[in-house]
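The values are calculated or read from the model by the stated rules, or taken from the named source; none is laboratory data. Keep in mind it's a predicted model, so treat the numbers as computed, not measured. Positions of Cβ are generated from backbone atoms using ideal geometry, with glycine treated the same way; all protein chains shown enter the neighbour counts. In case anyone asks, the SASA skips ligands and DNA or RNA and just uses the protein heavy atoms, side chains included. Shrake-Rupley method; radii C 1.70, N 1.55, O 1.52, S 1.80 Å.
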Amino acid sequence: MSGQSLTDRITAAQHSVTGSAVSKTVCKATTHEVMGPKKKHLDYLIQCTNEMNVNIPQLADSLFERTTNSSWVVVFKSLITTHHLMVYGNERFIQYLASRNTLFNLSNFLDKSGLQGYDMSTFIRRYSRYLNEKAVSYRQVAVDFTKVKRGADGVMRTMNTEKLLKTVPIIQNQMDALLDFNVNSNELTNGVINAAFMLLFKDAIRLFAAYNEGIINLLEKYFDMKKNQCKEGLDIYKKFLTRMTRISEFLKVAEQVGIDRGDIPDLSQAPSSLLDALEQHLASLEGKKIKDSTAASRATTLSNAVSSLASTGLSLTKVDEREKQAALEEEQARLKALKEQRLKELAKKPHTSLTTASSPVSNTAGSIMTTPAIDIFSTPSSSNSTSKLPNDLLDLQPTFHPSVHPISSAPQVGGTWGGFTPSPVAQPQSSVGLNVDFESVFGNKTSNVPVDSCGFDELGGLLKPTVASQNQSLPASKTPPNKLVSDDLDSSLANLVGNLGIGNGTAKNDVNWTQPGEKKLTGGSNWQPKVAPTTAWNAPTMVSYCRHYIEVGCQLL
């Protein structure tokens, strides 16, 4: 069986559709290919355990789900991936596994699809038991013994007696589960079980190093212990000697499958005289008769045993350091290869000039800066004639064309508008522009539009007073055009009022204004509106208001 199966491809596609990159990677790492999980998939999952936004329970559940597969390849690779994350991933992963009540329930797993399935199912059951025991050990002591600090100031060397007697048996149980894998060199026949064996081999070295340091600490404190503690300590040391024999056999298998001899530590056995000394000390505490032994001979035996075990620990440490150095060199080689690849990619790209002169952005910016800005609120220059004022004010409406429509004359009718009612005006035809003659209003030219006797003009005649001046003796056609603003502000206001005024030659001393009442849309043809109280406006008041509006208008311009 080689290559990904159709089921693997369909499962990966489903996870791609759902957008779960973690589940997709788990699926790719645990395909039906008879080979170990690919390194790129394992590295991605390790990186996921270091990301805070990755759901660790979801990652673990994806691995547990893959162990329910009927194929031994998928199940075995799922266990290998889980073990790899427990060793090299973030500690959050193993913490979550330790918090679960159950992990892998594979004690009855059996793949009946072929002869190889029967053989591999045995190792799957043993392997799952070790992973369960590894998680249980972390749950009990909140530490991974394969990652603890080692040396004279390490965790196991500085532990007190009570805690030491409780911790060492936990290491022994994990070591027993590891050695129960019990594989021979002729059974390592495929890439899947070889990958599992390599992880177990590395765990065995690190776990035994912690175990060895715990025994050294135990021996150094043995002759100062109480009787019950000495009894427990002696039992622990006897089990240690048994496991040392088993670990030696395990390392021989590793050497047979091609692991470098430099990566296999040398285990030094403690002298047998040490065991006799420990037993005699316990017997003396129990009141039994023992052989006479001096304190000097006992100290010598203990010193020899500790030195031999320390040499074993040093050998284990060197192997671990050599592995770390190899991992660092491999990572540096990968980074160097990536750097060279990146430099080649940059060399293939054409050289592009990044100067400011050739930058299209800078050219665009330069054209914007050289183009003069248009101020729509600026006043016309003094060189321009006053006839261009309407065009300058309304330059935002290019379709504007001043037009004047003739007004039909009608007799004055008394009403609410200060004694005068505006005469009916002929409705202008529809026009696109505004029908306002600004030049006539502001006194720039003499209006040729005929004005009726009531003084109504093209502006509609709303709120226009009838101003009668005694000096108004000349006809309108002979009156010279006045400037919009003269040197004297009072004279300018008077001229403006005169231009806006509509009269029939009758002189009056004041101007009466009346405000219209509230306009309502209800009523019939005979409905009469209510007249609001009139307000009298005299000429000085009118001049002051006009002065105010002129000043406001000048500020706006």
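Data table
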quantity: Given (1) touching a helix residue (DSSP H, G or I) at 6+ places or on another chain (Cβ under 6 Å); (2) among the hydrophobic types (A, V, I, L, M, F, W, C); (3) free of Cβ contacts under 8 Å to residues at least 24 places away in the same chain, number of the condition MET86 does not satisfy; calculated: (3)
quantity: Single condition PRO37 does not satisfy, out of (1) surrounded by fewer than 19 Cβ atoms within 10 Å (Cβ to Cβ); (2) in contact (Cβ under 8 Å) with a residue 24 or more places away in the chain; (3) not acidic (Asp, Glu); calculated: (1)
quantity: So ASP263, is it among the acidic types (Asp, Glu), on the phi < 0 side of the Ramachandran plot and either modelled with pLDDT of 85 or more or touching an Asp or Glu at 6+ places or on another chain (Cβ under 9 Å) (or both); calculated: yes
quantity: Residue match in segment 155-163 (condition: under 18 Å from ARG125 (Cα atoms) and under 46 Å from the mean Cα position of the chain (by Cα)); calculated: no
quantity: Residue in segment 193-209 that is in contact with a Lys or Arg (Cβ under 9 Å, 6 or more places away or on another chain), assigned to a helix (DSSP H, G or I), of a type in the set (Gly, Ala, Ser) and free of Cβ contacts under 8 Å to residues at least 60 places away in the same chain present; calculated: no
quantity: Sole residue being of a type in the set (A, V, I, L, M, F, W, C) and either surrounded by fewer than 17 Cβ atoms within 10 Å (Cβ to Cβ) or in contact with a strand residue (DSSP E or B) (Cβ under 7 Å, 6 or more places away or on another chain) (or both), chosen from LEU115, LEU106; calculated: LEU115
quantity: Residue in segment 122-134 that is among the aliphatic types (A, V, I, L, M) and open to solvent by 10 Å² or more (accessible area, probe 1.4 Å) present; calculated: no
quantity: Selection within segment 40-50 - over 15 Å from SER23 (Cβ atoms) and free of Cβ contacts under 8 Å to residues at least 24 places away in the same chain; calculated: LYS40, ASP43, GLN47
quantity: Segment 12-28 residues that are within 21 Å of THR49 (Cβ to Cβ) and at pLDDT 80 or above, paired with ones that are open to solvent by 30 Å² or more (accessible area, probe 1.4 Å) and small (Gly, Ala, Ser) (beta carbon under 8 Å, 6 or more apart); calculated: LYS24/SER16
quantity: Criterion violated by ASP153 - all others in (1) modelled with pLDDT of 90 or more; (2) under 30 Å from ASP224 (Cα atoms); (3) not small (Gly, Ala, Ser) satisfied; calculated: (1)
quantity: Subset of segment 189-217 [of a type in the set (Asp, Glu) and open to solvent by 10 Å² or more (accessible area, probe 1.4 Å)]; calculated: GLU213
quantity: Odd one out for ASN50, checked against (1) out of contact with any Cys (no Cβ under 9 Å at 6 or more places or on another chain); (2) surrounded by 15 or more Cβ atoms within 10 Å (Cβ to Cβ); (3) of a type outside the set (A, V, I, L, M); calculated: (2)
